[in-house]
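One structure is given below, encoded as structure tokens.
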Amino acid sequence: MKSKTLLQLADEITSQKRPEKNKYGTFHDNFNDAATIASILTNSVVTPEIANAVLIGLKVARLRNGYHEDSFLDLHAYIAAFEINNKNSGKDKI
């Protein structure tokens, strides 16, 4: 059996065609919750888009220390989430 590529795994995680396979919940709900928690922790307004962008930045920062498959997988998922959430929000900017 051929092993799946990182992009194939990321697609499975982020696929809206098979939401039952996503054990982490929806991007929309997760980033809204993350933004609410970050807003409370920082006593400032953090939007779901900004929370998503910070997580993308964190994964890129971690990759500076070397290749880690799980970081690449998460990075793909966070980028897909950003695209999905941005399209659904109708916003032009974060």
**Report entry** Out of Leu75, Leu63, sole residue that is surrounded by fewer than 16 Cβ atoms within 10 Å (Cβ to Cβ), under 22 Å from Leu9 (Cα atoms) and among the hydrophobic types (A, V, I, L, M, F, W, C)
**Finding:** Leu63
Query raised in the report: Is it fair to say Lys87 is surrounded by fewer than 14 Cβ atoms within 10 Å (Cβ to Cβ), part of a loop (DSSP other than H, G, I, E, B) and at pLDDT below 90?
Result: no
**Report entry** Inter-residue pairs, beta-carbon under 9 Å, first closer than 16 Å to Glu83 by Cα and in region 7-20, second modelled with pLDDT under 75 and part of a helix (DSSP H, G or I), 6+ apart
**Finding:** Glu12/Lys21; Ile13/Lys21; Ser15/Lys21
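The values are calculated or read from the model by the stated rules, or taken from the named source; none is laboratory data. All of these numbers come straight from a predicted model, not from anything done at the bench. All Cβ positions, even for glycine, are placed from backbone atoms using ideal geometry, and neighbour counts span all protein chains on display.
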